[in-house]
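Since the structure comes first, as structure tokens, the remarks are kept for the end.
The values are calculated or read from the model by the stated rules, or taken from the named source; none is laboratory data. Quick caveat: nothing in here was measured; it's all calculated off a predicted structure. Virtual Cβ from ideal backbone geometry, glycine too; neighbours counted across all protein chains shown. When the accessible area is computed, the model is the full protein with side chains, heavy atoms only, and any ligands, DNA or RNA have been set aside. Shrake-Rupley method; radii C 1.70, N 1.55, O 1.52, S 1.80 Å.
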Amino acid sequence: MARTHFAAIAVLTSLLSVVVAGQLRPMPAAGLPGDLFGLGIASRIRTDRNSTAKASTDFGQLVKSAPEAVFHAATPADIAALIRFSASSAAPFPVAPRGEGHSWRGQALAPGGVVVDMSSLGRGHRAPRINVSPAGAEPFVDAGGEQLWIDVLRATLQHGLAPRVWTDYLWLTVGGTLSNAGIGGQAFRHGPQIANVHELDVVTGTGEMVTCSRDVNSDLFFAALGGLGQFGVITRARTRLEPAPKRVRWVRLAYSDAATFTKDQEFLISNRTGEARFEFDYVEGQVQLNRSLVEGPKSTPFFSGADLTRLARLAFRTGSAAIYYIEAAMYYTEDTAISVDKKMTALLDRLSFEPGFVFSKDVTFVQFLDRVREEERVLRSAGVWEVPHPWLNLFVPRSRILDFDNGVFKALLKDANPAGIILMYPMNKDVWDDRMTAMTPTTNDDVFYAVSMLWSALSMDDVPQLERGNKAVLDFCDQEGIGCKQYLPHYTSQDGWQQHFGAKWSKIAELKARYDPQALLSPGQRIFSKPVEASGSASA
């Protein structure tokens, strides 16, 4: 009896040592090499169903693929050890870093492999891995790849500084946005976030820890920026800073005509010698389809119910298929507050928006940058935040933007009322660095537009319809030779990816063969599904 009791205790103790978080012997996963669980990092590997289920999809909720394990790395060296083990294994397994999982087509997924929970890098430290260097001609911030931009903002503001370019949503990781490009309303002037990075720490697909910049290990630096996670895991980024304003005059200007709307947008982002004091610091734009004005929400965090009623009447009176908004902001401090009204009036006098359709707010700098957080709270309270997001993000050449408007907003989507918003705003191409992996239209246009159709599927039945609509838009662009490029791209074949990268493809394949020859990293997009040679073909 005592022997039986002792045996039961032994079995129970053994089970606990396998499944309890933090024990030295986590349960081995059937699809991973057993030797992995004998490494010093094994205590931070989780194979329980709860952990893997959370890492099986992303914000898009359009693809699902379970990893065998989730790795809670404590340091970048832990990530390097994991990747080195896989790269040298007889049975290499995929590895994907996951920040907030805000990708929409699988960049954060590692089917049959290991998802690296990047947030764990920030734990166990007395302070976040954010270090601000405010002195010198070019102040900068070093931030861990796992850090949220909202926390970077809070840290830099303590020194009266802030990064120059922001995405519209700040609750994303530094490494995540830099792996794509990071665009927003300041990009027309300063380029995307990747154009404002001085230096990176990257763990490559061979497990090497590399510090790189424009001058040191520059191939990896330019590859990783906008590289969709294909060449390495970004564990630190050094980003330039500028003096931060205190407040923001935030306006939306309504238009019923696309040609006038785009003409004014392009005027606002043009480099006008001697007129810099009149420029907006932020320029974006939106398109609101007619049915969404009538049948959509009765108010928003920006527009009141009365505002939306006026806008619906404007659409009816003008017969426009949509109402267009320039969304712009002018930053100011206590020293410049006295002149902001004068500057705003002088600038608005030069624009051709619908008379009387100026909507204005005065908010703090943080309130403006973090404005989408309020919209998130509204959507979460309505249960429509964590739903599928069949997004389509395009860069459209300026020379074809009105053709796009006529074919898409005035035709394909004329009678549609999908849930979500449509962004449409221009950027100057000369502030993008073509050495980086991120793609812009290859036409000769000096300006291109970001057109983002950020749909939310309120039920799973909506997903196929929205996907068909996205395909119709892409087919239209192909048939009409619009020459657009996808941002946050998605393709179902390597041929699609080769067409996307165009003349860059051979260089990208060469860099993949050098920095991730086993094609271990971020396999969810299926850019490289097998080990590659410099030619871009699968190795034997």
Using θ = phi - 60° and the Karplus relation 6.51 cos²θ - 1.76 cosθ + 1.60, list the HN-Hα couplings for region 186-195 in order, rounded to whole Hz, with x at every Gly or Pro.
8, 5, 4, 9, 9, x, x, 4, 5, 7
Under a 1.4 Å probe, what is the accessible area of the chain per residue, stated in Å²?
43
In this model, which of Lys410/Lys471; Lys343/Lys410; Lys361/Lys410; Lys414/Lys471 are farther than 27 Å apart at the alpha-carbon?
Lys343/Lys410; Lys361/Lys410
Can you give me the long-range amide H partners of Val95? Hydrogens built in the peptide plane at 1.01 Å from N, cutoff under 5 Å, separation of 5 or more residues or another chain.
Val114, Leu521, Ser522
Taking R0 as 45 Å and r as the Cβ-Cβ distance between Val372 and Asp35, the FRET efficiency 1/(1 + (r/R0)^6), rounded to the nearest 0.05, comes to 0.50
For labels at Ala91 and Arg49 in the simple 7 Å Cα→Cβ model, what's the distance in nm?
2.2
What value, in deg cm²/dmol to 500, does the helix sum -39500 (n - 2.57) over DSSP H runs of n ≥ 4 give at 222 nm once divided by the residues of the chain?
-8500 deg cm²/dmol
Would you please classify the overall shape of the chain from the alpha carbon gyration tensor, given that a ≥ b ≥ c denote the square roots of the eigenvalues, rounded means a/c under 1.5, and beyond that prolate means a/b larger than b/c while oblate covers the rest?
prolate
Taking Cα atoms only, Rg over Rh for region 327-375 with Rh from the Kirkwood formula is 1.00
With a Förster radius of 45 Å, plug the Cβ-Cβ distance of Ser270 and Asp215 into 1/(1 + (r/R0)^6) and report the FRET value to the nearest 0.05.
0.90
For region 55-191, take every pair of Cα atoms, bin their distances at 10 Å starting from 0, and report each bin as a whole percent.
12, 36, 32, 16, 4, 0
Could you check the simple spin-label distance between Arg380 and Lys246, using points 7 Å along Cα→Cβ, in nm with one decimal?
3.1
Inter-label distance, nm, simple model (7 Å from Cα along the C-beta direction), Asp362/Phe316
3.4
Can you tell which of Gly34, Phe528, Asn131 lies farthest toward the positive end of the dipole of the chain, using +1 and -1 charges on the Cβ of basic and acidic side chains (Lys, Arg; Asp, Glu)?
Gly34
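Strictly over 27 Å apart at the Cα level, which of Lys64/Lys298; Lys263/Lys342; Lys246/Lys298; Lys504/Lys530 would you flag in this model?
Exceeds cut-off: Lys64/Lys298; Lys246/Lys298.
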Just the number, please: carbon plus sulfur as a percent of the accessible area of region 325-420, 1.4 Å probe, no ligands or DNA/RNA counted.
51
Helix 462-479 axis, angle to the chain major axis (alpha carbon atoms, nearest 10°):
70
